[in-house]
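Asks: There's a structure below that I have some questions on.
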Amino acid sequence: MPNYEQLGKVFHDFRTNRGVSLKQIADENVSASQISRFERGESDISLSRFLRVLDNMHVEMNEFMAAVRGNDKTETIRFMSQLVPLEYLRDKAGFQRLFREQKSKYEKNPSVYQYRLNMILAQSFICKCDETVPFPKEYMDEVTDYLFSVEEWKIYELILIGNLYLFMDIPLLDRMGREIVANHSRNGANSGLVTVTLLNVWETCLHRDELKTAGFYRDSILPLLEDETLLYERNLYLFLSGLHRFKSGEKERGKEEMTRAIQIYEWLDCPHLARNYREDLAKYAI
């Protein structure tokens, strides 16, 4: 839930964008100074007074809350946009800075649980950059409790799973993966992110030699790849299919599929992907 600092900021933006003064919306029940303090995040106002000043400004409650959600989304996008370049550079110090930033925000605004989740997400990237740093079990327990308390997993929840899957044991990972499949079958939302997340789950099961569990994801992902423009996802499926065959005893055919997938990445001028999967071929298909 947003706190009064967020509400005050959005309220201030509405008022100034509409060219309305504090005196114009103040009345006998709420003074201009009270509204000003609320806008600056220095104090709260009662619900009845809040509704009154919204009405005085001719703003509907659903319009106001849509703006609040948009403000939250902007903050999430800002945080997420910092992850990609840091991950590409494997910038441990950068992720540590993000961790401290989100931790500080959460300590100042404990009602904004998003900051706490962002902090945990930043920690996962620190652990990926430095494998000697263990991912705290209490963080995983906390995220698990959060995920299974949410009515519907949307983009943020999928991103959480898609970055924490390496730190999950197979029973928990499979539980998460099957819930993603079930959610997608019900509403069909976020297909691209769902596909990539399930590919990561399948790959992890293969790396840990959990072939029976892996088979469920091989079969569940295939219907999501009908669109021929999904070049990355379809080629990764080819590679993982080869790895699955190899680990199931079809060694020659498995190697052939993995080698073909690597060659396709090279043809598409994706040298980093080609290198990464060539290393996987050498590591897991021996």
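Asks: Would you point out the residue of region 135-152, among those that are under 15 Å from the mean Cα position of the chain (by Cα) and surrounded by 15 or more Cβ atoms within 10 Å (Cβ to Cβ), that is farthest from N163 (Cα to Cα)?
Replies: Checked region 135-152; the qualifying residue farthest from N163 (Cα to Cα) is Y146.
Asks: Please list, ordered by first then second residue, the pairs with beta carbon atoms under 7 Å, 6 or more apart or interchain, first in region 234-259 and polar (S, T, N, Q), second in a helix (DSSP H, G or I).
Replies: N235/A261; N235/I264; N235/Y265; S241/R218; S241/E257; S248/L211
Asks: Here are some residues: T132, T195, T204. Which one is over 18 Å from the mean Cα position of the chain (by Cα), hydroxyl-bearing (S, T, Y) and more than 27 Å from R97 (Cβ to Cβ)?
Replies: Values: T132 fails: more than 27 Å from R97 (Cβ to Cβ); T195 fails: over 18 Å from the mean Cα position of the chain (by Cα).
Going through T132, T195, T204 in turn, just one is over 18 Å from the mean Cα position of the chain (by Cα), hydroxyl-bearing (S, T, Y) and more than 27 Å from R97 (Cβ to Cβ): T204.
Asks: Identify the residue in region 121-134 that is over 13 Å from Y165 (Cα atoms) and among the hydrophobic types (A, V, I, L, M, F, W, C) and, among all such residues, is surrounded by the most Cβ atoms within 10 Å (Cβ to Cβ). Talk me through it step by step, then tell me what you get.
Replies: Step one: of region 121-134, the residues over 13 Å from Y165 (Cα atoms) are 122-123, 126, 129-134.
Now drop any that are not among the hydrophobic types (A, V, I, L, M, F, W, C), which leaves 122, 126, 129, 133.
Details: A122: 24, I126: 18, C129: 18, V133: 12.
The extreme case among them is A122.
Asks: Let me ask another. Residue check: is E157 among the acidic types (D, E), assigned to a helix (DSSP H, G or I) and either at positive phi or touching a Leu at 6+ places or on another chain (Cβ under 7 Å) (or both)? Quick ask: steps written out before the conclusion?
Replies: Working: among the acidic types (D, E): yes; assigned to a helix (DSSP H, G or I): yes; either at positive phi or touching a Leu at 6+ places or on another chain (Cβ under 7 Å) (or both): yes.
Answer is yes for this residue.
Asks: Identify all residues within region 88-120 that are among the aliphatic types (A, V, I, L, M), closer than 27 Å to G8 by Cβ and in a helix (DSSP H, G or I); write none if there are none. Don't jump to the end; show me each part of the working.
Replies: Initial filter on region 88-120 (among the aliphatic types (A, V, I, L, M)): 89, 93, 98, 112, 117, 119-120.
Those left that are additionally closer than 27 Å to G8 by Cβ: 98, 112, 117, 119.
Across region 88-120, the qualifying residues are L98, L117, M119.
Asks: Taking the residues in region 21-74 that are in contact with a Phe, Trp or Tyr (Cβ under 9 Å, 6 or more places away or on another chain) and modelled with pLDDT under 75 as candidates, determine which candidate is surrounded by the most Cβ atoms within 10 Å (Cβ to Cβ).
Replies: A67
Asks: Residues that are under 30 Å from L211 (Cα atoms), under 18 Å from the mean Cα position of the chain (by Cα) and aromatic (F, W, Y): does region 112-119 have at least one? Steps first, answer last, please.
Replies: Going through region 112-119, the residues under 30 Å from L211 (Cα atoms) turn out to be none.
For region 112-119, residues under 30 Å from L211 (Cα atoms), under 18 Å from the mean Cα position of the chain (by Cα) and aromatic (F, W, Y): absent.
Asks: From the list T259, T197, T229, exactly one residue is buried (at least 20 other Cβ atoms within 10 Å of the Cβ) and of a type in the set (S, T, N, Q). Which is it? Steps first, please.
Replies: On the way: T259 fails: buried (at least 20 other Cβ atoms within 10 Å of the Cβ); T229 fails: buried (at least 20 other Cβ atoms within 10 Å of the Cβ).
So the residue among T259, T197, T229 that is buried (at least 20 other Cβ atoms within 10 Å of the Cβ) and of a type in the set (S, T, N, Q) is T197.
Asks: Quick check: anything in region 156-171 out of contact with any Lys or Arg (no Cβ under 6 Å at 6 or more places or on another chain), free of Cβ contacts under 8 Å to residues at least 24 places away in the same chain and among the charged types (D, E, K, R)?
Replies: Yes, region 156-171 has at least one match.
Asks: Having 1 or more residues that are touching a His at 6+ places or on another chain (Cβ under 9 Å) and farther than 29 Å from I155 by Cα is the bar; report the helices (runs of 4 or more DSSP H) wholly within region 171-286 that clear it.
Replies: Details: elements: 191-207, 211-221, 231-247, 251-267, 271-284.
By residue number, 251-267, 271-284.
Asks: Given (1) surrounded by 13 or more Cβ atoms within 10 Å (Cβ to Cβ); (2) modelled with pLDDT under 90; (3) not hydrophobic (A, V, I, L, M, F, W, C), identify the lone condition not met by N118.
Replies: Of everything listed in (1) surrounded by 13 or more Cβ atoms within 10 Å (Cβ to Cβ); (2) modelled with pLDDT under 90; (3) not hydrophobic (A, V, I, L, M, F, W, C), N118 misses just condition (2).
The values are calculated or read from the model by the stated rules, or taken from the named source; none is laboratory data. All values derive from a computational prediction rather than experimental measurement. So basically every Cβ, Gly included, is an ideal-geometry build from the backbone, and we count neighbours across all protein chains shown.
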